[in-house]
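To keep things clear, I will list the structure first and then write my remarks on it.
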Amino acid sequence: MSSDASGTIPAPKTEECPMGDRHVHRDDLKKVWKECQDESFWYRALPLSLGSMAVTGGLIYNGVWKASKRFGPFPKLAVAGILGFAVGKASYGPTCRGKFQKLGLGDGPGFGPWSARGPFGRSGHRCPHVCEECKKKAQAAPVEETKS
């Protein structure tokens, strides 16, 4: 490894985007995230959960499904409620993704199925912003490679 005259090893250069500060829209991000959480609960998860529990209760009451001898109808009602809640939350994902795109954050806050990140952090994703100096370097680089 090379070192300079003072004997210290220089720090490795990291390529950073000049406009890649993830905290630029922190307040907007919090507002949209809270809005997504509230709306997904009130408009999708809660109605689907209650609806699936009502349908399950009706099926048990009419004898289509049988209640458990030991626990009664509660396990089936609980499973129906949990599944309805999960489906309701998941069904609001595309709407939430659209809100983040309108905010200008690309495909989302950095996680979830729309994320450009892999499950273990960055996966080759680069900042979409390119400054003029970087554009000039990128245009000059292929020319230099073909000369050698």
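The values are calculated or read from the model by the stated rules, or taken from the named source; none is laboratory data. Just so it is clear, the model here is predicted, and its values are computed rather than measured. Here the Cβ is made from the backbone with ideal geometry for all residues, glycine too, and neighbour counts use every protein chain on show.
Taking the condition surrounded by fewer than 11 Cβ atoms within 10 Å (Cβ to Cβ), in a loop (DSSP other than H, G, I, E, B) and at pLDDT 75 or above, does GLY7 pass?
No, not satisfied.
Return the residue satisfying two criteria in turn: it lies in the range 46-79 and is surrounded by 13 or more Cβ atoms within 10 Å (Cβ to Cβ) and touching a Pro at 6+ places or on another chain (Cβ under 9 Å), and of such residues it is nearest to VAL32 (Cα to Cα).
The first filter runs over the range 46-79 and keeps only residues surrounded by 13 or more Cβ atoms within 10 Å (Cβ to Cβ), leaving 46-54, 56-57, 59-60, 65, 67, 73, 76-79.
Pick out the ones that are also touching a Pro at 6+ places or on another chain (Cβ under 9 Å) and you get 56-57, 60, 65, 67.
Values: THR56: 34, GLY57: 36, ILE60: 40, TRP65: 42, ALA67: 42 Å.
The extreme case among them is THR56.
Within the range 24-49, can you find the residues that are within 15 Å of the chain's Cα centre (by Cα) and closer than 21 Å to ILE82 by Cα?
The answer is CYS36, GLN37, SER40.
Looking at the range 80-129, which of its residues are within 24 Å of LYS34 (Cβ to Cβ), among the hydrophobic types (A, V, I, L, M, F, W, C) and either assigned to a helix (DSSP H, G or I) or modelled with pLDDT of 85 or more (or both)?
ILE82, PHE85, ALA86, VAL87, ALA90, CYS96, PHE100, LEU103
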